[in-house]
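J.: Below is one structure. I have some questions about it.
Bear in mind that the values in this text are calculations on the coordinates, not laboratory data. Only a predicted model underlies this, so the values are computations on that prediction, with no experimental measurement involved. Cβ placement follows ideal geometry from the backbone for every residue including glycine, while neighbour counts extend to all protein chains displayed.
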Amino acid sequence: MAIPALSITNLRKVYARGTVAVEDISLTVPEGEFFGFLGPNGAGKSTTIHCITGIAEPTSGKIEIFGIDAVKDYREARRLVGLCPQEFNVDPFATPRQIVDWMGGYFGMRSGLRKERTDMLMERFELTAHHKKQFRELSGGLKRRVVLARALIHDPKLIILDEPTAGVDVELRRVLWRYLAEINRDGKTILLTSHYLEEVERLCRQIAIVNKGRVVREGTKDEMVAEPGGLEQAYLVATGAEADHVAAQ
Amino acid sequence: MTDVSQDKMGTNWIGLYTMVRREVSRMMRVPIQAFIAPWISALLFIFIFGFVVGGRITEIGGHRYLEFVLPGIVMMNVVNAAFLQSSSAIYFARFIKFIEETLVAPLSYAEMIAGSLSVVVLRASVTGVGIMFMGMFFNATHIESWLMFLFWIVSVSAVFGLLGIIVGLWSKSFEQLNMPVVFFLTPLSMVGGVFNTVEMLPEWLRWLAWANPFFYFINGLRGSMIGFDETPAGLGVGLTLLLLVVLGGTVWRLYSKGYGLRE
């Protein structure tokens, strides 16, 4: 049996102040999948991603990346993951080239390979003209491109994108969609969170919907889209927002 | 079946070197704050205490007052440079959240700590060497034992680098970050024997010098430079090594628990 790209079993995360961010999440993302991870704000999506990537410490449960324990063997597991976070967690005084190059260095890439990949990503995301500017001087869309290029520098097998198109223009969104579809075709596994259901519908094949720290619906995109009201209705019903909406009326 | 290699990683030397490269780049964005300010302050200390005031003070242990004072001035600045480097680096990275770049990377705790400390030692050494050069203009720079000189510069900067990491992880505001400098580092270094010997103090106050760790650091460096050391042989070295072990263990523990780093 093939080892999944990502396997989460009974993940629970309680923050120091007692806030339960993730109640009990279990899901499996097969290798090569384009997986949509949806849910309202505060549902536990980002916390789950933080637990997968090492930004947060899981309280309990198990996370495996290509069969490697993400907590116990964290170094081996992290080599396989690229994260494009929701927030710009970037040194604002560094240039795009430095930001991407440094990340490659952290992943142990030799300078020749780093340069080659950095040049390619700068070109691909149309950052070449801006590569000497400081990050803080860039527009929101350009910042998003830098963070994305940083996530891809080490050519990870599992790419986690936490709302990668939030606040970007239509043009970049389309560039990004094309690129993601392309690298997914090349075999990369992608976990995407987004509030744009159109984006999820266009890109993802499998979807999990979370609410209040639990997976409340899981299935293929096709089956959700085929339901009356499509993916939006499936999402609203799964998260309980539809019932709230009706009650309010 | 996936083809992902599950080989265990060895030391991530490139990652470690990248941490150093990155932090040096950050440090070089503020050369006035990092180097020029301590050098100017040291020059003023050398000029006023060593040259103007020192001209009226008789020799101490067969050495001119300026020669006696210079190791203390070097040590004060090494301590400050080491502490400020590590505390501000880690606090800034936490504050802006780009610390997450290292958390998601395949870097071990040892590599993260070693990366921080390498830059600490580099900055503290450059600061100290700059002051030594100034001392040469006043014919006050001597080295009796290069080995011990290096030991004191490297080990004391590592001690205060580790302390800076702890404070950088603990601080929740710039105010908290500056507290140890104002209430601990500056007062203790000033009364740690930079300008005077223990014998110059009133007898009832001498215990304060013996209880002050800076006294051992300053005397250790002074011993390596001009051969004048008031502390019992080996006590300062032992204390410094003990502090390295205790602080190193504490920092390791904090990193492995994710204190101040992970959510």
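J.: Normalised by the empirical 2.2 N^0.38 Å for globular proteins, what value does the Cα Rg of the range B:45-143 take?
T.: Numbers: Rg = 18.8 Å, N = 99, 2.2 N^0.38 = 12.6 Å.
Cα-based Rg divided by the globular estimate yields 1.49.
J.: Here's a follow-up. How many Cβ atoms of partner chains, on average, are near each residue of A:106-114 if near means within 10 Å of its Cβ?
T.: So the per-residue partner count for this stretch is 5.
J.: Is there a quick way to get the dipole size of the protein assembly as shown? I mean about its Cα centre, with the Cβ of Lys and Arg at +1 and of Asp and Glu at -1; what is the value in debye to the nearest 20?
T.: Here the protein assembly as shown has a charge dipole of around 680 debye.
J.: Helix-only mean residue ellipticity at 222 nm, chain B, DSSP H runs n ≥ 4 weighted -39,500 (n - 2.57), per residue, nearest 500. What is it?
T.: Roughly -21000 deg cm²/dmol at 222 nm, from the helical runs in chain B.
J.: Still on this structure: Kirkwood Rh over Cα pairs of the range A:166-249 into Stokes-Einstein at 37 °C, 0.692 mPa s: D in µm²/s?
T.: So the translational diffusion coefficient is about 231 µm²/s.
J.: Of B:SER157, B:ILE90, B:GLN176, which is farthest on the positive side of the dipole of the protein assembly as shown, counting Cα position, with +1 on Lys and Arg Cβ, -1 on Asp and Glu Cβ, and the Cα centre as origin?
T.: Farthest towards the positive pole: B:SER157.
J.: A follow-up question, please. Which whole number gives the average, over all residues in A:47-59, of C-beta atoms from other chains lying within 10 Å of the residue C-beta?
T.: Per residue, the number of nearby Cβ atoms from other chains is 3 on average.
J.: Quick one: net charge of B:LEU16's neighbours, Cβ under 12 Å, K/R +1, D/E -1? Display every interim value, and only then the final one.
T.: Working: positive: B:ARG21, B:ARG22; negative: B:GLU23, B:GLU111.
For residues surrounding B:LEU16, the net value is 0.
J.: At 37 °C and 0.692 mPa s, what whole-number value in µm²/s does Stokes-Einstein give for the translational diffusion of chain B, with Rh from the Kirkwood sum over Cα pairs?
T.: It comes out at roughly 169 µm²/s.
J.: Setting aside same-chain residues fewer than 8 positions from A:LYS45, which lysines have a Cα under 29 Å from its Cα?
T.: Output for A:LYS45: A:LYS13, A:LYS62, A:LYS72, A:LYS143, A:LYS157, A:LYS188, A:LYS212, A:LYS221, B:LYS97, B:LYS172, B:LYS257.
J.: Something else: If each Cα of the range A:81-160 is one equal point scatterer, what is log10 of I(q)/I(0) from the Debye formula at q = 0.16, 0.17, 0.22 Å⁻¹?
T.: Cα-only, vacuum Debye calculation for the range A:81-160: -0.50, -0.57, -0.97.
J.: Report the full-extension gain for the segment A:ALA226 to A:ALA241: residue separation times 0.36 nm, less the Cα-Cα distance, to one decimal in nm.
T.: Full extension of this stretch gives 3.4 nm more.
J.: Rounded, prolate or oblate, given the Cα gyration tensor of the range A:1-80, with a/c below 1.5 counting as rounded?
T.: oblate
J.: Still on this structure, please answer the following. Which whole-number value in Å³ per residue fits the convex hull of the alpha carbons of the protein assembly as shown?
T.: Output value, Cα hull per residue: 176 Å³.
J.: Further, regarding this structure: How many times 2.2 N^0.38 Å is the alpha carbon radius of gyration of chain A?
T.: Output field value: 1.02.
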